[in-house]
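See structure below.
Each reported figure results from applying straightforward, stated rules to the coordinates on display, with no laboratory input. Nothing here was measured: the structure is a model prediction, and the numbers come from that model. Here the Cβ positions follow ideal geometry from the backbone for every residue, glycine too, while neighbour counts run over all protein chains shown.
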Amino acid sequence: MELLSEIYLLVLCSPLMIIRGQGFELSDGSYLDTEATISASVNPLLVDLTLIPSAAARGASNPSTKSQIVKPSNHLTTFFNQCNPKGNAFREEEAEDSMELLPAIYLLVLCSPLMIIRGRGYELLDGSYLDTKEVISASGNPLLVDLTLIPSAAARGAVCLDGTVPGYHFDPGFGSGANNWLVDLEGGAWCNNVRTCVYRKKTNRGSSNYMEKQIEFSAKLSNKVEENPDFYNWNRVRVRYCDSGSFAGEGYDEANGLYFRGQRIWTVVMEELMSKGMRSAEKALLSGCSAGGLSSLLHCDQFRALFPSSTVVKCFSDAGFFLDAVDVSGGRSLRSVFQGVVSIQGVTKNLPASCTSRMEASLCFFPQNIVDGIKTPTFILNAAYDVWQLQESLAPKNADPQGYWKDCKFNHSKCNASQIQFLQGFRDEMINDLQGFSAIKQSGLFINSCFDHCQSERQERWLGDNSPAIGNKGIAKSVGDWYFERSEVKAIDCPYPCDNTCHHLF
């Protein structure tokens, strides 16, 4: 399997396979916005192939097929040999017969019984920043939840980048959780200039026209007690992300047909959920991952203000603690991105005044400058060596034009001593920036020394037989203990490579 530009697609083991390719630029310069889905259930219908021998006499053959097949890279050959339980080595000559050619995407299915398909974090060649975290890990009976659009949002201008109405997925609570609500804000990076925002109008990050009609609820959104013991029977909501500004923008670019209405979407969706019963919530938790994790921090106190004081309201940010870190070239790549987001999307007016009154507005898009001022109890989950930040903030292509960091940023085992030292400095900076937050009595913290991103969205990270843990306590239990105040949770892992419970991405 050839590595396409900055894209790595890894197929690990499985009963259910869903492949989602995100929009990206192909090596020939064309753009591909894929939503390819391949599904094989536990009891798949297997249909025999029927060949047409008589076709040969009429020249109906395809002699060019073999020459189009791309052989697997060393990354996948190595992985297959590690993953294959029978020890059968992967041979490139067999790959030509076993690989299926999808238009410009080559996917190799390795092993089984659990399959995760992961679009690796990457920088799009069109300049946009896309967080590819479409990971589906399903049991025999996945919970698929329908998309609900909000037609009335259009009249209030609460629309996606392209002007389409926003949406969400909702699975009602039951039993003892019927009056409790977990609202999860979807992530997916940002657009920071006209070019990247126009591009996103044709993706599910900028238009409800491209959103999946159903998505799977698993991990923190699962309705199974064995997968999600503290929140399984709550009302669970995933709010779709189509403003590309962490639900914080307010503006309109008429010339390019761009609606920056993230804050309005936030307001309309919350009102919709309140009308569906959330106003009577006894307990509520606002969560999010990546750009959604940042959103949960930016909107945490606004979420608290929706409810009476008798409601227990807290916030949970996963992989949303983006640092204003110095990159490998000595610059600040992510600061440049955030400056663009705040400027083009009119985010300033929706940032905390307690921050913007003392520093430049775009710096208030960085959680390190706002978390100490959040009044609502908040829990922060983050990998100390966050792979998205490694790839897109610390060592993006523009900061590493010679590719010195290319192998390291996609596979930490290939980092040399000086690179590991640099990454240890990043971890130290994260822990230092969280000191004030950690001192807040009501706060919660789980910072593990893994190369990972969005750990609450994958069942094997959230709660499983071999889930990541700090001091023998995993992520799901840590979040639950903190929310229900069963114990204080302020867990910071020892530096890499001490933690053998990590599920590293590569």
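Could you tell me which of rounded, prolate or oblate describes segment 120-492, using a ≥ b ≥ c as the square roots of the eigenvalues of the alpha-carbon gyration tensor, with rounded for a/c under 1.5 and, failing that, prolate when a/b is larger than b/c and oblate otherwise? It comes out rounded by the Cα gyration axes. Backbone amide hydrogens, once placed in the peptide plane, bring SER467 within less than 5 Å of nothing, excluding anything fewer than 5 places away on its chain.
About its Cα centre, segment 120-492 has a charge dipole of approximately 340 debye under the convention of +1 per Lys or Arg Cβ and -1 per Asp or Glu Cβ, with nothing else charged. Among the listed pairs LYS220/LYS477; LYS414/LYS490; LYS224/LYS490; LYS314/LYS477; LYS213/LYS276, a Cα-Cα separation exceeding 22 Å is found for LYS414/LYS490; LYS224/LYS490.
Across the options TRP266, THR378, SER393, the greatest Cα extent toward the positive end of the charge dipole of segment 120-492 (unit charges at beta carbon of Lys, Arg, Asp, Glu) belongs to TRP266.
For segment 310-410, the Cβ-based charge dipole about the Cα centre amounts to some 260 debye (Lys, Arg positive; Asp, Glu negative; other atoms uncharged).
Taking a point 7 Å out from the Cα of ILE431 in the direction of its Cβ, the residues of segment 444-482 whose backbone N falls within less than 16 Å of it are 445-451, 470-471. Listed peptides 388-397, 334-343 appear in the order 388-397, 334-343 once ranked by packing, highest mean of other Cβ atoms within 10 Å at the front.
Take the Cα of SER438, step 7 Å toward its Cβ, do the same at SER418, and the gap between the two points is 3.0 nm.
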